[in-house]
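Novice: Handing you this structure, nothing more for now.
Bear in mind that the values in this text are calculations on the coordinates, not laboratory data. Predicted model, so just to flag it, every value in this text is computed and none were measured. Cβ atoms come from the backbone with ideal geometry, glycine included; neighbour counts cover every protein chain shown.
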């Protein structure tokens, strides 16, 4: 169990022992040697793990349909702590320094005809920006919410998601920052009884992006699908650390993340932790991560972890692959008159097509296809 003070934290022997708290003091200042921080380049964090309060906030705009409201809540509003608590020091500091939150509320029994798009734009400065955003979907409601990050910022945030009993939420988080942005954020979702939650995280921009999505079930019969797509260029560090906490019976989870890295110093990290607690009988879970390296000096780290405390499960498994182009695929395409450059592009498009289609939001799909095409415009430089 983690220790406080000047003592080094002992390594965790179980995912059930991980610290979760709204109090930043519960997380000793990391040194970079801890398991949860060992891949993160500390010198590029711009002091986010030590910075104090700031008045800066991301600019937030949206167009709200009927049945939805966007409100500011006070620091002591109980809705701020309705989702799982922060899992690291960065998120706990964001909770403390945000001094309140912005809450998007979808009324119970509402079925939205179009996605709600929240645009969060950076302030263009290197000064630390904090924030907590809450997405609350009432019982038996159906909604799609898209959170779009653009501009430049040094931002640490907490995204709290509350999915009511019987509700259905598709949540898309786009990281399309400028090249100099730094973004740390904990995505904490609480999924109610018989509810369905689909999370799609797309990370393309930024100098350093580190996201830690967590899902916890608050009632039986719930389902969570976690999708991810990331594409790192030269010098980028894109890190995703997931935790699915099965502590209710009869719940289902599926995790599918795909990433690519091209260019000198491009680095992606994916950590997938799934815990099936003793009470979570009849759990059905599977997670997979696929990575495609498009250059000799690009790197991808992938670590799936599955911990099971009960033998009464429907299914549980994980998979991870990291590799370069399949020479047979390229040969097949080139033998039919397709140039090597175009063949490589076709392979990459096919690699990401599954994730893009499964997100299921037309407006996001079209934008992602264009973004992948833009990334591929320079891919020949990394593979030549």
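Novice: Give me the distance in nm between label points sitting 7 Å out from Cα along the Cα-to-Cβ direction at residue 125 and residue 321, one decimal.
Specialist: Placing both labels 7 Å beyond Cα along the Cβ direction yields 4.8 nm.
Novice: Also: Label-point separation (nm) for residue 180 and residue 340, each offset 7 Å from Cα along Cα-to-Cβ?
Specialist: 3.7 nm
Novice: Give me the extension gain from residue 301 to residue 362: residue separation times 0.36 nm, minus the current Cα-Cα distance, reported in nm with one decimal. Write down the numbers at each step before the final one.
Specialist: On the way: separation 61, 0.36 × 61 = 21.96 nm, distance 3.08 nm.
Gain on extension, residue 301 to residue 362, equals 18.9 nm.
Novice: Could you sort the peptides 280-289, 35-44, 100-109 by per-residue average Cβ neighbour count (10 Å cutoff), highest mean leading? Numbers along the way, then the final one.
Specialist: On the way: 280-289: 20.5, 35-44: 14.7, 100-109: 18.7.
Peptide ranking by packing, descending: 280-289, 100-109, 35-44.
Novice: Which distance in nm do the two modelled labels at residue 354 and residue 107 give, with both placed 7 Å along the Cα-to-Cβ direction?
Specialist: 4.1 nm
Novice: For region 187-325, state the average projected area of the convex hull of the C-alpha atoms over all orientations, rounded to one decimal in nm². Working shown, then result.
Specialist: Values: hull surface 29.8 nm².
Taking a quarter of the hull surface, the average projection is 7.4 nm².
Novice: Right, next: Distances longer than 32 Å among the Cα atoms of the chain: what percent of all pairs is that? It would help to have the intermediate numbers written out before the result.
Specialist: On the way: 23049 of 73536 pairs.
In whole percent, the share of Cα-Cα pairs in the chain beyond 32 Å is 31.
Novice: Next up: Taking every DSSP beta bridge with both residues inside the chain, roughly what % is antiparallel (nearest 5)?
Specialist: Working: 10 of 133 bridges.
For the chain, the DSSP antiparallel bridge percentage is about 10.
Novice: For residue 59 and residue 22 in the same chain, what is the full-extension length gain: residue separation times 0.36 nm, less their Cα-Cα distance, in nm?
Specialist: On the way: separation 37, 0.36 × 37 = 13.32 nm, distance 2.43 nm.
Net length gain for the segment: 10.9 nm.
Novice: Arrange the peptides 295-308, 256-269, 335-348 so that the one whose residues have, on average, the most other Cβ atoms within 10 Å appears first.
Specialist: Values: 295-308: 17.0, 256-269: 21.8, 335-348: 14.5.
By packing density, highest mean first, the sequence is 256-269, 295-308, 335-348.
Novice: Quickly estimate the mean residue ellipticity at 222 nm for the chain, helices only: each DSSP H run with n ≥ 4 gives -39500 (n - 2.57), and the total goes over all residues, rounded to 500. Walk me through the intermediate numbers first.
Specialist: On the way: 5 runs with 58 residues, N = 384.
Value at 222 nm, helices only: -4500 deg cm²/dmol.
Novice: Now for a separate question. Which of 155, 352 has the fewest other C-beta atoms within 10 Å, and how do the rest follow up to the most?
Specialist: On the way: 155 27, 352 24.
Sorted ascending by nearby Cβ count, the order is 352, 155.
Novice: Return 198, 121, 59 ranked ascending by Cβ neighbour count within 10 Å, so the fewest neighbours appear first. Before the final figure, lay out the partial values.
Specialist: Working: 198 20, 121 16, 59 12.
Fewest to most other Cβ atoms nearby, the residues stand as 59, 121, 198.
Novice: Give the peptides 176-185, 314-323 in descending order of average Cβ contacts within 10 Å, highest first. List each step's numbers first, then the result.
Specialist: On the way: 176-185: 20.3, 314-323: 13.6.
The most tightly packed comes first, giving 176-185, 314-323.
Novice: Then there's this: First measure r as the distance between the Cβ atoms of residue 79 and residue 347, then evaluate 1/(1 + (r/R0)^6) with R0 = 56 Å and state the FRET efficiency to the nearest 0.05. Mind dumping the intermediate values first?
Specialist: Details: r = 46 Å, r/R0 = 0.81.
Plugging the Cβ-Cβ distance into 1/(1 + (r/R0)^6) gives 0.80.
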